[in-house]
Ligand SMILES: Cc1ncc(C[n+]2csc(CCOP(=O)(O)OP(=O)(O)O)c2C)c(N)n1
């Protein structure tokens, strides 16, 4: 069913709140992978707020949909979404990455409610997600698995092993979203390890590929619905995004892969975010 204008506005507002929280966590923690957390925000918000069947009061509910953040360094963004949904007390985020906190830069599934897989070593989340999806099928369960990958991750051989397996085993109860922000840790993917033509490569591996604007809620939701409807091939959605999206001094800057914000810089970032949402 096409998404309504009201729902688009609701999701966009939620993405604004999550981006704000990402910036605050970055300040509390003394630094974070903020660039990639801001690029992935709209994807995570759309998945969690429109599609995921989860119960924050019962994080281990057996029939819940599964989510794997294969680009595990986006952990602050994932934690912001989960905290906002009420999986845990949001106040705990103030101690993010501090000694004794449950929250490290890469979220630990044994410590953070709502996290289905501990990730951070790039390239492995796709394989974990494939296993979860195949596990559902073997057990006759209806849960759907979502996996968010990064473009830097496409340099890992395990991604392409996963691509082959997804096709071989026709894993159609999995939706992969690729955060194509064009930047990896210290530069543009096309300068460091060219990925293009990325869509054609995934197609050649037998996947149903869609390419969308990864900051357009309507496009994200439509693509996920198309992916759900595809019953022959595994699905990947290449989401064209901007690293640092929403904060002018971070956008498209490799150096904002990881960075800190003192209180003055935090205020600047929040003001820029407000401007980008037309709130200032
Ligand atoms: C196997 C492995 N090698 C290296 C790293 C260190 N590392 C962290 S993030 C990153 C790449 C960042 O680029 P991308 O994955 O595209 O992240 P995004 O731009 O979406 O934040 C690297 C190499 C890692 N986490 N895992």
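The values are calculated or read from the model by the stated rules, or taken from the named source; none is laboratory data. Remember, predicted model here, so these are calculated numbers, not experimental data. Here Cβ is always computed from backbone atoms with ideal geometry, including for glycine, and neighbour counts include all displayed protein chains.
Brief remarks follow.
- Qualifying residue in the range 148-156 (condition: surrounded by fewer than 20 Cβ atoms within 10 Å (Cβ to Cβ), assigned to a helix (DSSP H, G or I) and near the ligand (Cβ under 9 Å from one of its atoms)): yes
- Being within 16 Å of the ligand (Cβ to nearest atom) and under 20 Å from the mean Cα position of the chain (by Cα) is a property that residue 221 lacks.
- In this entry, residue 206 passes the filter for residues that are more than 25 Å from residue 11 (Cβ to Cβ) and either in contact (Cβ under 8 Å) with a residue 40 or more places away in the chain or within 16 Å of the ligand (Cβ to nearest atom) (or both).
- Residue selected from the range 166-187 under the condition in a strand (DSSP E or B) and within 10 Å of the ligand (Cβ to nearest atom), by the criterion surrounded by the fewest Cβ atoms within 10 Å (Cβ to Cβ): 180
- In this structure, residue 38 qualifies as out of contact with any strand residue (DSSP E or B) (no Cβ under 8 Å at 6 or more places or on another chain), within 16 Å of the ligand (Cβ to nearest atom) and at pLDDT 95 or above.
- The condition of being assigned to a helix (DSSP H, G or I) and within 20 Å of residue 20 (Cβ to Cβ) does not hold for residue 261.
- Scanning the range 1-35 for residues being out of contact with any strand residue (DSSP E or B) (no Cβ under 8 Å at 6 or more places or on another chain) and not in a helix (DSSP H, G or I) gives a total of 6.
- Per-region count, the range 2-40, residues touching a helix residue (DSSP H, G or I) at 6+ places or on another chain (Cβ under 8 Å) and free of Cβ contacts under 8 Å to residues at least 40 places away in the same chain: 1
- For the range 234-269, the set of residues classified as buried (at least 19 other Cβ atoms within 10 Å of the Cβ) and more than 12 Å from the ligand (Cβ to nearest atom) consists of 234, 235, 236, 237, 238, 246, 247, 261, 269, listed by residue number.
- Selected residue [assigned to a helix (DSSP H, G or I) and without any contact (Cβ under 8 Å) to a residue 12 or more places away in the chain] from 271, 227: 271
- Evaluating residue 43 against the criteria (1) in a helix (DSSP H, G or I); (2) away from the ligand (no atom under 16 Å from the Cβ); (3) within 26 Å of residue 127 (Cβ to Cβ) leaves one unmet condition, (2).
- Take the conditions (1) surrounded by fewer than 22 Cβ atoms within 10 Å (Cβ to Cβ); (2) more than 17 Å from residue 183 (Cα to Cα); (3) in contact with a helix residue (DSSP H, G or I) (Cβ under 6 Å, 6 or more places away or on another chain); residue 215 misses just one of them, which is (2).
- The residues on offer are 107, 69, and the sole one that is within 16 Å of the ligand (Cβ to nearest atom), touching a helix residue (DSSP H, G or I) at 6+ places or on another chain (Cβ under 6 Å) and under 18 Å from residue 23 (Cα atoms) is 107.
- Selection status of residue 117, touching a strand residue (DSSP E or B) at 6+ places or on another chain (Cβ under 6 Å), assigned to a loop (DSSP other than H, G, I, E, B) and either more than 16 Å from the ligand (Cβ to nearest atom) or in contact (Cβ under 8 Å) with a residue 12 or more places away in the chain (or both): yes
- Just one of the numbered conditions (1) more than 19 Å from residue 213 (Cα to Cα); (2) at pLDDT below 95 is not true of residue 31: (2).
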